[in-house]
Amino acid sequence: MLLINQNELLAEGNHVIRTAIEKCIQCGTCSASCPLSQYMDYTPRQIVTLVREGLIHEALKTKTIWLCSTCYLCAVRCPAKINIGEFMTVLKRFTLKNGYSDNLLYPKLMRTYVEYVDKYGRISEPRLMIKFSLKINPFKLLKMLPLSMKLLRDGVLSFSLERVQNLHEVKA
Ligand code: SF4
Ligand code: SF4
């Protein structure tokens, strides 16, 4: 198991990580408020606990940090004024920068998504899924083929992908 020192993480996002470690009272308001917590493997409160206890690699391996959509609902309700959305972003950035995400599915999906947004300012779901599947398991495409063909025929999905005007504004 990889041992990651808390100081390494603090170097990535000192203020937000330190505030969470020092001020979280483990009330669980963030977990109860999070619209995505039912899909997470650890609740936001538990992620803070893992980091506080120095189990940083465990926290970096979770689905939770990638599912967080940084909606900040937890942040506005946290009685200790901890910005959990930002906390999750620091964990994601740290994971990507240090190559801890190489075998994880969610970062790969996120990278593929960002590649499209970077280039076009938007995504096309079929193109995204094809590119993503080719990266992880091309055989999955065969399974998805019948449903995809139906959705394309019915006009629910489309391959067309035009670059948005003023792409620089999306990047900003
Ligand atoms: S709401 Fe704030 S204080 Fe409560 S568990 Fe979440 S981060 Fe900690
Ligand atoms: S910022 Fe992330 S953890 Fe907080 S409520 Fe939104 S999705 Fe959940």
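The values are calculated or read from the model by the stated rules, or taken from the named source; none is laboratory data. Since this is a predicted model, take the numbers as computed values, not measurements. Cβ coordinates were reconstructed from backbone atoms using ideal geometry, including for glycine residues, and neighbour counts include every protein chain displayed.
Please enumerate the residues belonging to the stretch 105-134 that are of a type outside the set (S, T, N, Q), outside any helix (DSSP H, G or I) and out of contact with any Lys or Arg (no Cβ under 7 Å at 6 or more places or on another chain). Write out each step before concluding.
First, pick out the residues of the stretch 105-134 that are of a type outside the set (S, T, N, Q): 105-111, 113-123, 125-132, 134.
Filter again for outside any helix (DSSP H, G or I), leaving 121-123.
Across the stretch 105-134, the qualifying residues are Arg122, Ile123.
Here are some conditions: (1) near ligand 1 (Cβ under 9 Å from one of its atoms); (2) touching a residue at least 24 places away in the same chain (Cβ under 8 Å). Ile65 meets all but one. Which one does it not meet?
Of everything listed in (1) near ligand 1 (Cβ under 9 Å from one of its atoms); (2) touching a residue at least 24 places away in the same chain (Cβ under 8 Å), Ile65 misses just condition (1).
Inspect all residues belonging to the stretch 83-92 and state whether any of them is part of a loop (DSSP other than H, G, I, E, B) and either within 20 Å of Asn14 (Cα to Cα) or in contact with an Asp or Glu (Cβ under 6 Å, 6 or more places away or on another chain) (or both). Lay out the reasoning, then the answer.
In the first step, residues of the stretch 83-92 are kept if they are part of a loop (DSSP other than H, G, I, E, B); the result is 83.
Those left that are additionally either within 20 Å of Asn14 (Cα to Cα) or in contact with an Asp or Glu (Cβ under 6 Å, 6 or more places away or on another chain) (or both): 83.
There is at least one residue in the stretch 83-92 that is part of a loop (DSSP other than H, G, I, E, B) and either within 20 Å of Asn14 (Cα to Cα) or in contact with an Asp or Glu (Cβ under 6 Å, 6 or more places away or on another chain) (or both).
Out of curiosity, is Leu128 surrounded by 16 or more Cβ atoms within 10 Å (Cβ to Cβ) and either over 25 Å from Leu67 (Cα atoms) or of a type in the set (A, V, I, L, M, F, W, C) (or both)?
Working: surrounded by 16 or more Cβ atoms within 10 Å (Cβ to Cβ): yes; either over 25 Å from Leu67 (Cα atoms) or of a type in the set (A, V, I, L, M, F, W, C) (or both): yes.
Criteria met by Leu128.
Need pairs with beta-carbon distance below 9 Å; first residue in the same structural domain as Tyr116 (by TED's automatic domain parsing) and within the stretch 145-167, second among the polar types (S, T, N, Q) and surrounded by 10 or more Cβ atoms within 10 Å (Cβ to Cβ); sequence gap 6+ or separate chains.
Listed by first residue and then by second, the contacts come to Leu152/Ser158; Leu157/Ser124; Leu157/Ser148; Ser158/Ser124; Phe159/Ser124; Ser160/Ser124; Leu161/Ser124.
Can you tell me which residue among Val76, Val90 is in the same structural domain as Val16 (by TED's automatic domain parsing), within 16 Å of ligand 2 (Cβ to nearest atom) and either among the hydroxyl-bearing types (Ser, Thr, Tyr) or exposed (fewer than 14 other Cβ atoms within 10 Å of the Cβ) (or both)?
Details: Val90 fails: either among the hydroxyl-bearing types (Ser, Thr, Tyr) or exposed (fewer than 14 other Cβ atoms within 10 Å of the Cβ) (or both).
Being in the same structural domain as Val16 (by TED's automatic domain parsing), within 16 Å of ligand 2 (Cβ to nearest atom) and either among the hydroxyl-bearing types (Ser, Thr, Tyr) or exposed (fewer than 14 other Cβ atoms within 10 Å of the Cβ) (or both) holds for just one of Val76, Val90, which is Val76.
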